[in-house]
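A.B. asks: Sharing a structure here in structure tokens format.
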Amino acid sequence: MEDKSHPIDPSLLGDYPAEDDHELRGASAPRHHAAMLNIAPEMKQLAHGTHLKDMFVCHESVSYNRVGWGDINGLIDVLVREGYGIHGINDKDGHKAWAKGMGNAIFWHAGGVNERAVGVECVSEIPILLQSKKITRRQALDLWLSRHAQLSALAIQIACWHNSDQKRHPLVRSNGNERGITSHWNVSQHHPQSDGHWNCRPWDEGGHFPLAHVIELSKQMALLYEF
């Protein structure tokens with residue numbers, strides 16, 4: 001089977017209301033079904049079979065914070081045109097999209113782990129600003145931390161993935177070669193098929209993305225949300 005990462009060029013692309021705040025409930029309390037746009041109709045044609053998952057890979061794609069669903073719809077158009085699928089997408093306003101019923105679909109998004117991993121694109125202008133050296137690594141981190149709605153959306157997507165199979169989908173950090181939650185950069189450190197990808201490189205590993213923060217947030221969201 002061909003194993004690819006999607007090489008989305010940031011120049012090809014240029015947000016959803018955040019979930020209401022809820023008081024955290026106990027583990028025994030009923031969870032809310034997280035509202036997400038269903039992108040399965042668009043992603044169905046991009047799947048390459050199915051496989052059980054045990055890894056969640058965070059990606060970044062460039063957008064320019066267009067009002068409404070423009071950033072997410074633009075990314076979907078690019079993915080379909082280029083032939084690369086993705087399980088989920090989120091944007092600055094906290095909008096969430098998910099390919100419902102396709103949690104085990106194999107999409108080309110992170111070479112080396114496409115069979116075992118789901119992937120979610122976090123769209124923002126941060127990667128292109130960093131790549132063009134208009135901001136520093138620290139400034140990129142601060143920009144991500146200011147995007148509360150988007151990081152919450154990603155945490156909800158991770159939490160829902162975890163709650164769909166808690167044993168197989170652990171809320172733990174992965175080095176890119178183990179079960180758990182990781183970044184495309186981490187995957188590239190172990191798999192040559194993803195070589196060169198630096199997106200979502202964690203802050204505490206020399207990058208700019210607050211992965212540790214997101215994982216801690218997802219543990220709280222797991223008490224509240226499910227697909």
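A.B. asks: Placing one identical point scatterer on every Cα of the chain and ignoring solvent, what is log10 I(q)/I(0) from the Debye formula at q = 0.11, 0.12, 0.13, 0.14 Å⁻¹?
C.D. replies: Log10 I(q)/I(0), no solvent term: -0.47, -0.57, -0.67, -0.79.
A.B. asks: Further question: What value, in deg cm²/dmol to 500, does the helix sum -39500 (n - 2.57) over DSSP H runs of n ≥ 4 give at 222 nm once divided by the residues of the chain?
C.D. replies: Numbers: 7 runs with 66 residues, N = 227.
Mean residue ellipticity at 222 nm (helix-derived): -8500 deg cm²/dmol.
A.B. asks: Pull out the extension gain between residue 143 and residue 104, defined as 0.36 nm times the separation in residues minus the alpha carbon to alpha carbon distance; nm, one decimal.
C.D. replies: Values: separation 39, 0.36 × 39 = 14.04 nm, distance 3.22 nm.
So the chain would gain 10.8 nm between residue 143 and residue 104.
A.B. asks: Fully extended, how many nm does the chain gain between residue 190 and residue 219 (0.36 nm per residue separation, minus their Cα-Cα distance)? Please list the in-between numbers first.
C.D. replies: On the way: separation 29, 0.36 × 29 = 10.44 nm, distance 2.63 nm.
Gain on extension, residue 190 to residue 219, equals 7.8 nm.
A.B. asks: Checking the a/c ratio against 1.5 first, then a/b against b/c, what shape does the Cα gyration tensor give for the stretch 78-186?
C.D. replies: Values: a/c = 1.57, a/b = 1.43, b/c = 1.10.
Here the stretch 78-186 falls in the prolate category.
A.B. asks: Then there is this: Using alpha-carbon pairs under 8 Å, 6+ residues apart, how would you state the relative contact order of the stretch 110-227 in percent?
C.D. replies: Values: 160 pairs, mean separation 34.0, N = 118.
Answer for the stretch 110-227 is 29 percent.
A.B. asks: Checking the table 96/167; 92/167; 96/219; 53/92 against a 21 Å threshold on Cα-Cα, which pairs fail?
C.D. replies: On the way: 96/167 24 Å; 92/167 31 Å; 96/219 18 Å; 53/92 27 Å.
Listed pairs above 21 Å: 96/167; 92/167; 53/92.
A.B. asks: To continue, here is another question. In nm, to one decimal, how far is the modelled label at residue 179 from the one at residue 73, with both set 7 Å along Cα→Cβ?
C.D. replies: For the pair residue 179/residue 73, the computed spacing is 4.0 nm.
A.B. asks: A follow-up question, please. Between the stretch 55-110 and the stretch 121-158, how many Å separate their Cα centres?
C.D. replies: 15
A.B. asks: Same structure again: With labels modelled as points extended 7 Å from the Cα through the Cβ direction, what inter-label distance (nm, one decimal) is found for residue 44 paired with residue 168?
C.D. replies: Placing both labels 7 Å along Cα→Cβ, they lie 2.2 nm apart.
A.B. asks: Charges only on Cβ, +1 for Lys and Arg, -1 for Asp and Glu: so what's the dipole of the chain about the Cα centre, in debye to the nearest 20? Mind dumping the intermediate values first?
C.D. replies: Values: 22 positive and 27 negative charges, 57 e Å.
Dipole magnitude for the chain comes out near 280 debye.
A.B. asks: Would you list 227, 56 from fewest to most Cβ contacts within 10 Å?
C.D. replies: Ranking 227, 56 by Cβ neighbours within 10 Å, fewest first, gives 227, 56.
A.B. asks: Using every Cα-Cα pair within the stretch 32-90, state what percent have a distance larger than 15 Å.
C.D. replies: Values: 986 of 1711 pairs.
That tail contains 58 percent of the Cα-Cα pairs.
A.B. asks: Which shape class, rounded, prolate or oblate, goes with the stretch 31-138 when its Cα gyration tensor gives a ≥ b ≥ c as root eigenvalues, a/c under 1.5 marks rounded, and past that a/b bigger than b/c marks prolate? Mind showing how you got there, number by number?
C.D. replies: Numbers: a/c = 1.72, a/b = 1.41, b/c = 1.22.
The shape class here is prolate.
Any read-out appearing in this document is the output of simple, stated calculations on the displayed coordinates, not a laboratory observation. Remember, predicted model here, so these are calculated numbers, not experimental data. Note: ideal-geometry Cβ built from the backbone for every residue, glycine included; neighbour counts use all protein chains shown.
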